[in-house]
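The next block holds one structure in the form of structure tokens; read it before the comments.
The values are calculated or read from the model by the stated rules, or taken from the named source; none is laboratory data. Remember, it's a predicted structure, so these values are computed and weren't measured experimentally. Using ideal geometry, Cβ is built from the backbone for each residue, glycine included, and neighbour counts are taken over all protein chains shown. The accessibility values were calculated without ligands, DNA or RNA, using every heavy atom of the protein model including side chains. Shrake-Rupley method; radii C 1.70, N 1.55, O 1.52, S 1.80 Å.
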Protein chains: 4
Amino acid sequence: MFIYYRNMRTKDENKIISIHNAIFDLGIEIGYQNLSIAKIAKKANVSPATVYIYYKDKEDMFSTLYLKVKDIIDSNLFQNVNSEQPFKLQLETILKNHVQAIMAYPKESVFMKYINSNPSLISKEAYEEGMKKAAYLYQLYEEGVEKQVIKNVSKELIIAITFGPLNHLLEQHYYAQTKMSEEEINQTIEMSWDAIKA
Amino acid sequence: MFIYYRNMRTKDENKIISIHNAIFDLGIEIGYQNLSIAKIAKKANVSPATVYIYYKDKEDMFSTLYLKVKDIIDSNLFQNVNSEQPFKLQLETILKNHVQAIMAYPKESVFMKYINSNPSLISKEAYEEGMKKAAYLYQLYEEGVEKQVIKNVSKELIIAITFGPLNHLLEQHYYAQTKMSEEEINQTIEMSWDAIKA
Amino acid sequence: MFIYYRNMRTKDENKIISIHNAIFDLGIEIGYQNLSIAKIAKKANVSPATVYIYYKDKEDMFSTLYLKVKDIIDSNLFQNVNSEQPFKLQLETILKNHVQAIMAYPKESVFMKYINSNPSLISKEAYEEGMKKAAYLYQLYEEGVEKQVIKNVSKELIIAITFGPLNHLLEQHYYAQTKMSEEEINQTIEMSWDAIKA
Amino acid sequence: MFIYYRNMRTKDENKIISIHNAIFDLGIEIGYQNLSIAKIAKKANVSPATVYIYYKDKEDMFSTLYLKVKDIIDSNLFQNVNSEQPFKLQLETILKNHVQAIMAYPKESVFMKYINSNPSLISKEAYEEGMKKAAYLYQLYEEGVEKQVIKNVSKELIIAITFGPLNHLLEQHYYAQTKMSEEEINQTIEMSWDAIKA
DNA sequence: CATGAATGAGGTTTCATTCAT
DNA sequence: GATGAATGAAACCTCATTCAT
């Protein structure tokens, strides 16, 4: 009566994790366009109906997973970064943290990229929530502009030119099943820096 | 018997154009994820069966249209560019031609971008064929590297850092229904140049 | 080229009639609550998808069929009725025409009654359109009230007290598989008349 | 161990009442066609599984509730009625009691009417049990016929012509959220009486 | 007693594609 | 070439019910 031999939470988590992994793996195997609840459920060894216990619908499923993935990938984005450091060092650290995370969670990254390219698959709320993760980045860039360390251009442009090329290369390496070298990373970051520095 | 002396090709072309426009418009209206042959046919005022006269299947339809769009958008990419000009001028002209084309064919660009993000929607052959359009670019970059005008990094990286940020901004402007200013364009190109110049 | 050995219209009508009959028969066999598109299609020997060629959705299917049934059953409602006749004769004729129709189309009547009891199954428009069929009835009642031939009560009440009991009995006879006798009909009509006459 | 000394029956009753109210309210809110155990349970703040503690299945749930509702609504049907009174007075009192009950229990009445229109939702036994509530009515009508106070027609017809119009109007008033006036009630009863009196 | 989790079966609807004309 | 009709397969989702705790 007082002892739960198996507790319900555990069961939940297992099923949820199964579903998440099924999405990551199937998405890569057959293409995210071709995912369906039935296929995901089958891969996860649960009934399609079970999916609807955890998620209201497909959009909710993708939204929730998207935020979870963003959390994972962005969780260490600002590790070893503090506002006392010079701008360039901060940026470098952030970008390297990002590369680290993408390489540590390749499947999750592919999923994230797919959603980023097809944002209509998740709810507006989730999308906006996801944007918030980078709040400090915006602040950092603003300061950089103010202090005339970097060029006075829109934050979007700066993000595009700092994260864009790195992500592009990371993706290519993922599909080629090769590993991005330290040198390549440094080179790319250096280029981004050259692009934005005042 | 009723014989149409009017050129049959004409009729064909009209139907094809209807179908293409239906795809562009519907893709934007209801999202490319939600396109179906039936919806496209309805919007184009043709029968679903008619679509299969022109295309073997959905993949063939997207593939063909993708190549057509790439042709349109890339057709003037090298206008006013010749190999005698200094590298930077050539690059500038190419990027400006690109911006011009994207702004001249916004709907086509959205479609192209959607396919680029979801390449499994078209055939491998079509995808690779599409890549060839930029052959001269590769050559130009190689020369630039050789002559030590630009940094010695992979072509992919250079493409990512030159076209990437521009495309990103162009897309944002499209959805915001605003127009990218001459200044913004120049600024972005300048940044790309700063990034890659030796 | 000019001769259609089998024309499409025919095919259509056959399928539609199959579907309608499937609804009438299945509704009685397994209960209208338990109808599903799949079951209806199976009974009609068509694919579920075929149903959606003829009807937008389930509601549209029921709405269309409801109006068709109302048309059939009400088509002769005013046969042999003309405004010169005394009120009571007109009413009598109308009610007898109604009884005739219900007995001639028992399955259709059961369907109509089911929809009347569950109007949320059809569209508002169809429901209102169905109400119009009885327009002359309202006019007749109004005249009857004006000329003080019948009591000055609401039209709804008069309809309820004239058609209600007849319908009730007709239904009972249908389920008992008995036939309402001439005498019973006359008796019931006489009672309704006693109820409403001034 | 934790023993609840508080009467278990109490807890039960609360849950049952919650379930019943959930049915009444949801039936009106979303339509009785669209009720499901899950929705009812949610509205009642109980688990779907709990419903199956109290009822064998959905049919049993509806059957039980139907009989309960019939009990409530018919409980005072014969209040102030005794067999010594003249027939018309008895009938009048019964009908007024009925109107009273319907107006006092509008939600329950809607449920009852829904089941009456769709009797296949409850068990045969429950339906027949429900019919018995009006036993005295049958007896009264029989006596009325015998004593030649009312016309010699079937009991069903008499019930249809006495209760039918009243119920029809009561329903209309319920959906129009208006209140049936004393006068309207009397008028309607008078009409019924005119219909059946010998 | 009470429950949240779980599910097979089945609901409505749309899909890409083919058929018959 | 062109079409509306037709369909098996599959999409998303909900159902009534049972299981494990």
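Please go through region A:41-69 and pick out each residue that is in a helix (DSSP H, G or I) and among the β-branched types (Val, Ile, Thr). Walk me through it before giving the result.
First, the residues of region A:41-69 that are in a helix (DSSP H, G or I): A:41-43, A:48-54, A:58-69.
The answer is A:50, A:51, A:53, A:64, A:69.
So the check is Cβ under 7 Å with 6+ separation or different chains; which pairs have a first residue in region A:107-120 that's within 12 Å of chain B (Cβ to nearest Cβ) and a second one that's of a type in the set (D, E, K, R)?
Going by the 7 Å Cβ cut-off, the qualifying pairs are A:113/A:171.
When the residues of region D:146-176 are narrowed to those that are hydroxyl-bearing (Ser, Thr, Tyr) and assigned to a helix (DSSP H, G or I), which ends up least open to solvent (accessible area, probe 1.4 Å)?
D:162
Among the residues of region D:131-145, what is the count of those that are assigned to a helix (DSSP H, G or I), touching a residue at least 12 places away in the same chain (Cβ under 8 Å) and open to solvent by less than 70 Å² (accessible area, probe 1.4 Å)?
As a first pass, look at region D:131-145 and keep what is assigned to a helix (DSSP H, G or I): D:131-132, D:135-145.
Applying the additional criterion that residues be touching a residue at least 12 places away in the same chain (Cβ under 8 Å) yields D:136-138, D:140-144.
With the extra rule that they be open to solvent by less than 70 Å² (accessible area, probe 1.4 Å), the set shrinks to D:136-138, D:140-141, D:143-144.
Final tally of qualifying residues: 7.
Can you run down the residue pairs with Cβ atoms below 7 Å, 6 or more apart or on separate chains, where the first is in region D:41-58 and under 13 Å from residue D:21 (Cβ atoms) and the partner is in a loop (DSSP other than H, G, I, E, B)?
Cβ pairs passing all conditions: D:41/D:47.
Filtering region B:31-55 down to residues that are near DNA strand E (Cβ under 9 Å from one of its atoms) and within 14 Å of chain A (Cβ to nearest Cβ), which residue is nearest to the chain's Cα centre (by Cα)?
B:35
Going by the conditions given, is residue C:69 in contact (Cβ under 8 Å) with a residue 24 or more places away in the chain and outside the structural domain of residue C:172 (by TED's automatic domain parsing)?
On the way: in contact (Cβ under 8 Å) with a residue 24 or more places away in the chain: yes; outside the structural domain of residue C:172 (by TED's automatic domain parsing): no.
Against the criterion (in contact (Cβ under 8 Å) with a residue 24 or more places away in the chain and outside the structural domain of residue C:172 (by TED's automatic domain parsing)), residue C:69 does not qualify.
Of (1) within 16 Å of DNA strand F (Cβ to nearest atom); (2) open to solvent by 50 Å² or more (accessible area, probe 1.4 Å); (3) in contact with a helix residue (DSSP H, G or I) (Cβ under 8 Å, 6 or more places away or on another chain), residue B:83 satisfies all except one. Which?
It fails just one condition, (1).
Consider residue D:38 carefully, then state whether it is assigned to a helix (DSSP H, G or I) and near DNA strand F (Cβ under 9 Å from one of its atoms). Spell out the reasoning first.
Details: assigned to a helix (DSSP H, G or I): yes; near DNA strand F (Cβ under 9 Å from one of its atoms): yes.
When the stated conditions are applied, residue D:38 passes them.
Out of A:196, A:185, report the one residue that is surrounded by 13 or more Cβ atoms within 10 Å (Cβ to Cβ), touching a residue at least 24 places away in the same chain (Cβ under 8 Å) and in contact with a Gly (Cβ under 9 Å, 6 or more places away or on another chain).
Result: A:196 is the single residue among A:196, A:185 that is surrounded by 13 or more Cβ atoms within 10 Å (Cβ to Cβ), touching a residue at least 24 places away in the same chain (Cβ under 8 Å) and in contact with a Gly (Cβ under 9 Å, 6 or more places away or on another chain).
Being closer than 13 Å to residue B:73 by Cα and either of a type in the set (D, E, K, R) or open to solvent by 30 Å² or more (accessible area, probe 1.4 Å) (or both) is the filter here; which residues of region B:96-130 pass it? It would help to see each step written out before you state the result.
Residues of region B:96-130 that are closer than 13 Å to residue B:73 by Cα, as a first pass: B:96-113, B:130.
Matches in region B:96-130: B:96, B:100, B:103, B:104, B:105, B:106, B:107, B:108, B:113.
Given the condition closer than 22 Å to residue C:79 by Cβ, of a type in the set (S, T, N, Q) and within 14 Å of chain D (Cβ to nearest Cβ), answer yes or no: does some residue in region C:139-161 qualify?
no
With respect to residue C:115, determine if the residue is more than 17 Å from residue C:81 (Cβ to Cβ), not assigned by TED's automatic domain parsing to the domain that holds residue C:32 and not charged (D, E, K, R).
yes
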